[in-house]
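The values are calculated or read from the model by the stated rules, or taken from the named source; none is laboratory data. In this text, all values refer to a predicted model and were calculated from it rather than measured experimentally. So basically every Cβ, Gly included, is an ideal-geometry build from the backbone, and we count neighbours across all protein chains shown. Just the protein is used for accessible areas: all its heavy atoms, side chains included, with ligands, DNA and RNA removed. Shrake-Rupley method; radii C 1.70, N 1.55, O 1.52, S 1.80 Å.
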Amino acid sequence: MSKIYDVIILGAGPAGLAAGLYAGRSRLSTLIIEKGQDGGQIAITDEIENYPGQIVDGESGPSLIERMTQQAEKFGAERVSDTIKEVELEGEVKILKSEKAEYQAKNVIIATGAHARPIGCKGEREFMGKGVSYCATCDANFFEDFEVYVVGGGDSAVEEAMYLTKFARKVTIIHRRNELRAAKSIQEKAFANPKIEFFWDSVVEELFGDDILQSMTVKNVKTGEIRTVEADPDDGMFGLFGFIGTVPNSDVFKGIIDMDERGYIKTDADMHTNIPGVYAAGDVRIKSLRQVVTAAADGAIAAVQVERSMSDYF
Ligand code: NAP
């Protein structure tokens, strides 16, 4: 029989690590299960400049998350690297199963985050890692002095486009409308950057190349005009980065926990899901602002709710 934890936290991004810190500090027996590297989406974020009180100038996602991990561990949260494939959440003891183990807890905080949404053009899968990427921090250096295209018009697309200008000689943002969704302060920096150009009202249709990405068709959604973008002959290829929002990592809970049609989990303001003892925190839940600071706040709230539910004091 495996140990029954007070709380198991799924995911070690800002929400999960903040929950781990608060749960550990409340002396709850706590296990954090993470399948990959800590940090979730901020592990691949080059610069964070809006986390209140951050102490490092030019803070990167990995540097911030490293300190969050240390802080959660300092207060006793246990850690395991595993992927949960099946869950039984209805009983008083929740059971989480991976291929190699079974974990048990009185409470579960789901902080599994979200991942990049695919661009949705033909040939996208074929050219993944051969020109197509969803992570500028991971892949920008492959495009040193090349031309790069970025799909999207939100904060991520515009910020990552600016980061890519440190490597690529030209970055073209392809956006399906004629105005950006990104915050005005971010837009201003992009419009002032001489290396950034725009294809407005445009979507990528299809990718082509001989093993690597060498050309693509881009459609103007207003006029219907299709233009073919070719790699500079001296380069022989170009990069295409997709930043068009996220998809929640909630598949394992489908049909078990209430969620919206896109798979984001429904919670109340205190992070309770429809199942007693099961909470959701961070980007995986329905919310209006997905930021590090709101994810960390969600995690803290969820952990405090667990503590209160287990304490006679409240
Ligand atoms: P987002 O805000 O949802 O923006 C997605 C962008 O992709 C939008 O411009 C959208 O176009 C476009 N798009 C969506 N589906 C598309 C499709 N199928 N084809 C082409 N374009 C498509 O996503 P995000 O930029 O990843 O940001 C996610 C969250 O993180 C947001 O809350 C954002 O504020 C936050 N974030 C904040 C920061 C920061 O504060 N520094 C940095 C990064 C992210 P439309 O505009 O036409 O809808």
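Can we say residue 38 is without any contact (Cβ under 8 Å) to a residue 40 or more places away in the chain, open to solvent by less than 50 Å² (accessible area, probe 1.4 Å) and of a type in the set (D, E, K, R)? When the stated conditions are applied, residue 38 passes them.
Every test in (1) aliphatic (A, V, I, L, M); (2) part of a loop (DSSP other than H, G, I, E, B); (3) buried (at least 16 other Cβ atoms within 10 Å of the Cβ); (4) in the same structural domain as residue 109 (by TED's automatic domain parsing) is passed by residue 289 save one, and that test is (3).
Within segment 205-213, does at least one residue satisfy the condition of being more than 16 Å from the ligand (Cβ to nearest atom), open to solvent by 40 Å² or more (accessible area, probe 1.4 Å), in a strand (DSSP E or B) and more than 25 Å from residue 163 (Cα to Cα)? Looking for residues that are more than 16 Å from the ligand (Cβ to nearest atom), open to solvent by 40 Å² or more (accessible area, probe 1.4 Å), in a strand (DSSP E or B) and more than 25 Å from residue 163 (Cα to Cα), one finds at least one in segment 205-213, hence yes. A single member of 43, 23, 15 is assigned to a helix (DSSP H, G or I), over 14 Å from the mean Cα position of the chain (by Cα) and small (Gly, Ala, Ser), and it is 23. For segment 145-176, a residue qualifies if it is hydrophobic (A, V, I, L, M, F, W, C), away from the ligand (no atom under 11 Å from the Cβ) and in contact with an Asp or Glu (Cβ under 8 Å, 6 or more places away or on another chain), and the qualifying residues are 146, 167, 168, 171. Residues in segment 171-191 that are open to solvent by less than 20 Å² (accessible area, probe 1.4 Å) and of a type in the set (Gly, Ala, Ser): 182, 190. If you go through segment 134-160 and keep only what is open to solvent by less than 40 Å² (accessible area, probe 1.4 Å) and out of contact with any Gly (no Cβ under 9 Å at 6 or more places or on another chain), you end up with 135, 136, 153.
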